[in-house]
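I'd like to ask some things about the structure below.
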Amino acid sequence: MQDRAKHKLCRRLGACIWGKAKCPSARRPYPAGQHGKNAQKKLSTYGELLLQKQRLKVYYALTEKQLHLTFVDAKKGKSQTDQKLLINLELRLDAATYRSGLAPTIHAARQFVVHRHILVDGKIVDRPSYRLRAGQVISINVEKDPAIATVAKNANCEVPAYIEVDRENCKAKIVREPMIEENPTGVEIMRVVEFYAR
C-alpha cells in the first residue's frame with residue numbers, strides 16, 4: 001500500500017495507525033476533503049466500538065472475515081479474550097516479520113511471506129496467517145533475495161520484548177507470548193472484544 005493511501009486511511013479513522021512521524025492525521029485527525037472537519041460528530045457507543053475494530057483491522061491489514069475468525073478463536077479456552085486476541089494477531093507470521101524489522105511494513109511482510117522469502121525454523125512457510133509459538137525462529141531466505149536481507153540488516157525499529165532479533169543473520173526468535181500491556185497498536189482491544197460480543 002502506498003503512503004498516500006495509508007495517510008488517507010489514517011485520516012478517515014482519526015489516528016495514525018502505523019505510527020509514521022510525518023502522517024497528516026497527527027495534525028488533521030479527520031477525513032480528507034472540503035467538509036472533512038465539519039462532518040465530524042460525536043460517535044455513539046456503537047460508533048466508538050466500530051471505530052476501534054476498524055483501526056485494528058487496518059493495522060494488521062486483515063479482511064473483516066479474517067479478524068472475526070481470529071476473535072472467535074480468541075474466545076476459546078480460559079484466557080482473557082483481549083489478551084488472546086492480541087497474541088493471535090501478534091504471532092501471525094506476517095505481523096511478527098514486520099514487528100521484528102525483517103520487513104519495513106505489514107504489507108511488505110505479507111508479500112515476503114507469500115513470495116516464499118520467509119523461513120520458520122529453517123523451512124519455507126508461505127501463509128501470512130501461520131501462527132507462531134514461543135521458541136520458533138523466523139528468518140529471511142537470503143539465497144532467494146539478498147537485497148531483502150540487506151534492508152533487514154539495516155532496519156532501525158523498536159522491537160518488542162517478546163521478540164529477540166539477530167540483525168546480522170536476519171533472524172528473529174519468538175521468546176514468549178505478548179502481554180496485553182505490550183499492545184503496540186494504539187487500539188483499545190477490549191473495545192474490539194466488546195464490539196464482537198454484542
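Going down the list Lys123/Lys171; Lys144/Lys171; Lys53/Lys76; Lys78/Lys171; Lys153/Lys173; Lys53/Lys84, which pairs span over 21 Å between their C-alpha atoms?
Table pairs above 21 Å Cα-Cα are Lys78/Lys171.
Right, here's the next one. So between Met190 and Val125, what do we pick up on full extension, going 0.36 nm a residue minus the alpha carbon distance?
Gain on extension, Met190 to Val125, equals 20.3 nm.
Based on the alpha-carbon gyration tensor of region 148-198, what equivalent-ellipsoid semi-axes (square roots of 5 times the eigenvalues) come out, in whole Å, largest first?
Square roots of five times the eigenvalues give 31, 12, 9 Å.
Additional query: Around Gln136, which amide H atoms from residues at least 5 apart in sequence, or from another chain, sit under 5 Å from its own amide H, with H modelled in the peptide plane?
Ile174
I'd like the FRET efficiency for Glu48 and His68, computed as 1/(1 + (r/R0)^6) with the beta carbon distance as r and R0 of 25 Å, rounded to 0.05.
0.85
Rounded to the nearest Å, what's the spacing between the alpha carbon centres of region 52-119 and region 120-176? Just the number, please.
Spelled out, the Cα-based centre of one part sits 15 Å from the other.
Per the Kirkwood treatment, what hydrodynamic radius in Å, one decimal, follows for region 92-176 from the mean inverse distance over all distinct Cα pairs?
Answer for region 92-176: a Kirkwood hydrodynamic radius of 12.1 Å.
Bear in mind that the values in this text are calculations on the coordinates, not laboratory data. Computed from a prediction, not measured in an experiment: that's the story for all the values here. Here Cβ is always computed from backbone atoms with ideal geometry, including for glycine, and neighbour counts include all displayed protein chains.
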